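Chemist: The structure under discussion is supplied below as structure tokens; questions concerning it will follow.
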Amino acid sequence: MLLGSPAPFTASGMAEWVRSLVGAQADGWPARPTIITAFDIAARKRVAFGTEDAPDVSLADAAAASAAIPLVFRPYEIDGVDYADGGVVSGTHADLILGSPRPLDFVLILAPMAAEQDRDGARFHEKVFDRVGRTALADELSQIRREWPDTEVLVMRPSPPVLAAMRPNPMDVKGAVPSFIRTLIQMRRTLARDEIWGVLSRHLGTARV
């Protein structure tokens with residue numbers, strides 16, 4: 001009922017926005033490995049566009065399907081199939097990296113919907129989204145560590161100041177700039193920690209300045 005419920009907006013504007021950005025390439029698919037996730041409502045399963053098992057769709061349609069957030073956007077139809085935002089399954093989909101032909105040395109995961117602690121005064125839907133995000137991420141991390149035990153994984157989650165700026169509505173345009181600035185501050189502080197900087201130095205060849 002939630003996924004198919006009426007909503008005020010359609011994600012078709014997202015498809016047109018992508019076309020305005022990349023032109024004719026929006027009707028094809030990038031040459032470099034690219035994956036965009038959505039949720040097949042009827043089949044009740046995640047679809048990872050850009051992988052071998054997924055339907056062949058355009059970049060513009062995949063982006064629109066992935067943007068169809070329930071209750072905000074109506075399901076986005078592609079070839080008779082209704083899709084919703086892949087975030088209803090996971091906010092990270094980190095397990096998809098296991099499709100790499102070889103294990104990776106280092107994996108960086110950005111998990112804005114898997115905060116380690118609830119925001120002060122958090123609304124019910126925030127707690128639900130974060131709980132789902134944390135559960136999905138934990139399962140994905142277990143899969144990665146089981147399949148690639150030598151891979152180093154770094155997860156970046158929003159701090160309380162970031163949550164204060166981006167919640168309760170992460171889509172509120174008024175919060176975009178404050179959220180971005182606070183995220184930069186948090187990332188600088190987090191990445192500068194000795195135990196994390198050591199990981200980055202090993203894999204990225206960075207030097208402290």
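The values are calculated or read from the model by the stated rules, or taken from the named source; none is laboratory data. All values derive from a computational prediction rather than experimental measurement. Cβ coordinates were reconstructed from backbone atoms using ideal geometry, including for glycine residues, and neighbour counts include every protein chain displayed. These accessible areas exclude ligands, DNA and RNA; they are computed on the full protein's heavy atoms, side chains included. Shrake-Rupley method; radii C 1.70, N 1.55, O 1.52, S 1.80 Å.
Chemist: Taking only protein heavy atoms into account and a 1.4 Å probe, give the accessible area per residue of the chain in Å². The partial results should precede the final answer.
Modeler: Details: 12890 Å² over 209 residues.
On a per-residue basis, 62 Å².
Chemist: In addition: Quote the accessible area belonging to residue 10 in square angstrom, nearest 10, computed with a 1.4 Å probe and with ligands, DNA and RNA left uncounted.
Modeler: Accessible area of residue 10: about 70 Å².
Chemist: May I ask for the distance between the Cα centers of the range 55-78 and the range 18-33, given as a whole number of Å?
Modeler: 15
Chemist: Once the Cα atoms of helix 12-22 and of the chain are each reduced to a long axis, what angle between those two axes, in degrees from 0 to 90 to the nearest 10, is obtained?
Modeler: Around 60 degrees separate the two axes.
Chemist: Nearest 0.05, what FRET efficiency do residue 35 and residue 124 give at R0 = 41 Å with Cβ-Cβ as r? Kindly include the intermediate steps, with their values, before the conclusion.
Modeler: Working: r = 31 Å, r/R0 = 0.76.
The pair residue 35/residue 124 has a calculated efficiency of 0.85.
Chemist: Restricting to DSSP H runs of at least four residues, report the calculated mean residue ellipticity at 222 nm for the chain, -39500 (n - 2.57) per run over all residues, nearest 500 deg cm²/dmol.
Modeler: -11500 deg cm²/dmol
Chemist: Would you indicate which of [x] 13.5; [y] 16.8; [z] 18.9 is the value of mean projected area of the Cα convex hull in nm² derived from the coordinates of this structure?
Modeler: Label of the calculated value: [x].
Chemist: Taking the Cα centre of the range 78-180 as the origin, how large is its charge dipole in debye, to the nearest 20, when only Lys and Arg (+1) and Asp and Glu (-1) carry charge on their Cβ atoms? Could the numbers behind the result be given before it?
Modeler: Working: 11 positive and 16 negative charges, 73 e Å.
That gives the range 78-180 a dipole magnitude of about 360 debye.
Chemist: Among DSSP beta bridges lying fully in the chain, give the percent that are antiparallel, nearest 5.
Modeler: So the antiparallel bridges amount to about 65 percent of the total.
Chemist: Is there a quick way to get the dipole size of the chain? I mean about its Cα centre, with the Cβ of Lys and Arg at +1 and of Asp and Glu at -1; what is the value in debye to the nearest 20?
Modeler: Computed charge dipole of the chain: roughly 880 debye.
Chemist: Give the angle, between 0 and 90 degrees and rounded to the nearest 10, that separates the Cα long axis of helix 176-191 from the longest principal axis of the Cα atoms of the chain.
Modeler: Relative to the chain, helix 176-191 is tipped by roughly 30 degrees.
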